[in-house]
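First the structure, in the form of structure tokens, and then the observations on it.
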Amino acid sequence: MTLQDRLLAAHAHGDRHALVALYTQAADQAAETDAACFYLTHAYIFALETGDAAADALYRRLKAHGRV
Amino acid sequence: MVQDPLDAVRQPIETAKGLPNAHYIDPATFEQEKHAVLWANWTGLAVTADVPENGDAKPVTFLGMPLLLIRDRAGLVRVFENICRHRGMILVSEPKKIEGAIRCPYHSWCYATDGKLVSTPHVGGPGHNTHDAIDKTTLGLTEIRSHIWFDTVFINIDGTAAPFQQVHADLIARWAAFDQPMHHGGPDSRFALDLKTNWKLAVENYCESYHLPWVHPGLSSYSRLEDHYNIAEPGQYSGQGTLVYRQLSGDDGQTFPDFPGLSDNWITGGEYMAVYPNVLLGVQRDHAFVIVLEPQSLAATREHIHLYYATAQTDAALRAKNATRWRAVFEEDIFVVEGMQKGRHAPYFDGGRFSPAMDGPTHCFHDWVAAKIATHRRV
């Protein structure tokens, strides 16, 4: 199962905690900053919504790129 | 010169007429009343027990307006428009616990439970979450002015009313003995009744005792008409009181614990008040209730009833018995408020005449409504 498949499955099940982890993984694998920040944004938003402790670290990563 | 029919409403009770039919059956008058009466004053929306824990959020549609009742992270109960400041999308579509932030399901703008806009994903382009034109500090959720009293969430939609404590200073002082913790009885102590009537008829019926022996013969067997007194404070509130309140007891003779520190008059009596426009309250030594009338349309009203006790833990069987008793009483009123609504289609009905001895509380309410409409017309 590819990362894309797992992302789609998490969306289908509304598993927002999984989406935080999967979008973070997608960001880590991205070759370009813009693509990484796109995925980091999604991870951050789902972390914010769910009160996930990862939100702070994700915010700092986006901040480091001037994206928040 | 054509005389305003509301002038007849504002006369002394001996010569006054009730509100004309249009106030119950005419859509244009309902629309005017919506602004003059329900938006311009402190109107009941809900009870804080609807959102008992921090983060609890409940969407409420009031007069067609999408509102969000929420207990924020700090425990403060507040009311917002339930829409995103971006595209006006509904934010919360069912009661839920907000674990972190309120995320708009459309473009995922996120709001804190205190209404602050905290994130605008991709607003500056993919992966760019800021834009110079989007100042988050000015785009928080739109808050509706609210005030909590008697566990009731009152809202002033147009923001023009004087402060709640000022408007209701007399009533707050009158019932100061009950300014103490009240505990909602829980799921078995809340119920709703759907009434095919204009909301005002439910107020009018509630605040007078004249009908008790005829409509509530069971209630009158232990709460007699002659034990009741009228309460009518012009421009403020009206209702009724009883000098004789008999406690409900269970199979083993158990009763609910009293609210602490009550004076003797509260041990023997009780009072039932219409807090204009749409909240009906009742206080007795051992329990209280809150009724919020939700005007759903011109001729449809949902009555939300909540029972409260002096302690967090009460006898479940006795609580159920009490809820059953009050439900029976309030259901006995349905045919009356629905019958009066039908009666408002009689073209020659002139608003009716009041009993100067018995209808003071109803006249007081009509006078208040007429005054609010007159004020609204002048503005």
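Quick rundown of the values:
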{"read-out": "Matching residues, segment B:1-21, being in a loop (DSSP other than H, G, I, E, B) and either over 19 Å from B:THR362 (Cα atoms) or among the small types (Gly, Ala, Ser) (or both)", "value": "B:MET1, B:VAL2, B:GLN3, B:ASP4, B:ALA16, B:GLY18"}
{"read-out": "Residue count for segment B:108-145, restricted to those that are under 23 Å from B:ASP72 (Cα atoms) and in contact with a Pro (Cβ under 7 Å, 6 or more places away or on another chain)", "value": "1"}
{"read-out": "Failed condition for A:ALA64, given (1) over 8 Å from the mean Cα position of the chain (by Cα); (2) within 12 Å of chain B (Cβ to nearest Cβ); (3) over 19 Å from B:GLY100 (Cα atoms)", "value": "(2)"}
{"read-out": "Hits in segment B:145-169 - residues which are crowded, with 18+ Cβ neighbours inside 10 Å and on the phi > 0 side of the Ramachandran plot", "value": "B:PHE150, B:ASP151"}
{"read-out": "Condition met for B:GLY55 (surrounded by fewer than 22 Cβ atoms within 10 Å (Cβ to Cβ) and either within 14 Å of chain A (Cβ to nearest Cβ) or within 22 Å of A:ALA53 (Cβ to Cβ) (or both))", "value": "yes"}
{"read-out": "Filter result (free of Cβ contacts under 8 Å to residues at least 60 places away in the same chain and under 20 Å from B:GLY360 (Cβ atoms)) within segment B:261-293", "value": "B:GLY269, B:GLY270, B:GLY282"}
{"read-out": "Any chance B:ALA36 is touching an Asp or Glu at 6+ places or on another chain (Cβ under 9 Å) and crowded, with 17+ Cβ neighbours inside 10 Å", "value": "no"}
{"read-out": "B:LEU67 being surrounded by 15 or more Cβ atoms within 10 Å (Cβ to Cβ), at pLDDT below 95 and closer than 28 Å to B:LEU280 by Cβ", "value": "no"}
{"read-out": "Segment B:87-101: number of residues that are assigned to a loop (DSSP other than H, G, I, E, B) and either away from every other protein chain (no Cβ under 14 Å) or farther than 20 Å from A:ALA47 by Cβ (or both)", "value": "6"}
{"read-out": "Matching residues, segment A:18-28, being away from chain B (no Cβ under 11 Å) and of a type in the set (Gly, Ala, Ser)", "value": "A:ALA18, A:ALA21, A:ALA26"}
{"read-out": "Search result, residues across segment B:170-198 that are part of a loop (DSSP other than H, G, I, E, B), of a type outside the set (A, V, I, L, M, F, W, C) and buried (at least 19 other Cβ atoms within 10 Å of the Cβ)", "value": "B:GLY185, B:THR197, B:ASN198"}
{"read-out": "Exclusive hit being under 27 Å from B:LYS97 (Cα atoms) and either within 8 Å of chain B (Cβ to nearest Cβ) or surrounded by fewer than 21 Cβ atoms within 10 Å (Cβ to Cβ) (or both), set A:ALA47, A:ALA43, A:ALA31", "value": "A:ALA47"}
{"read-out": "Selection within segment A:50-61 - of a type outside the set (D, E, K, R), surrounded by 17 or more Cβ atoms within 10 Å (Cβ to Cβ) and either within 11 Å of the chain's Cα centre (by Cα) or more than 11 Å from chain B (Cβ to nearest Cβ) (or both)", "value": "A:ALA54, A:ALA55, A:LEU58, A:TYR59"}
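The values are calculated or read from the model by the stated rules, or taken from the named source; none is laboratory data. Remember, it's a predicted structure, so these values are computed and weren't measured experimentally. Here Cβ is always computed from backbone atoms with ideal geometry, including for glycine, and neighbour counts include all displayed protein chains.
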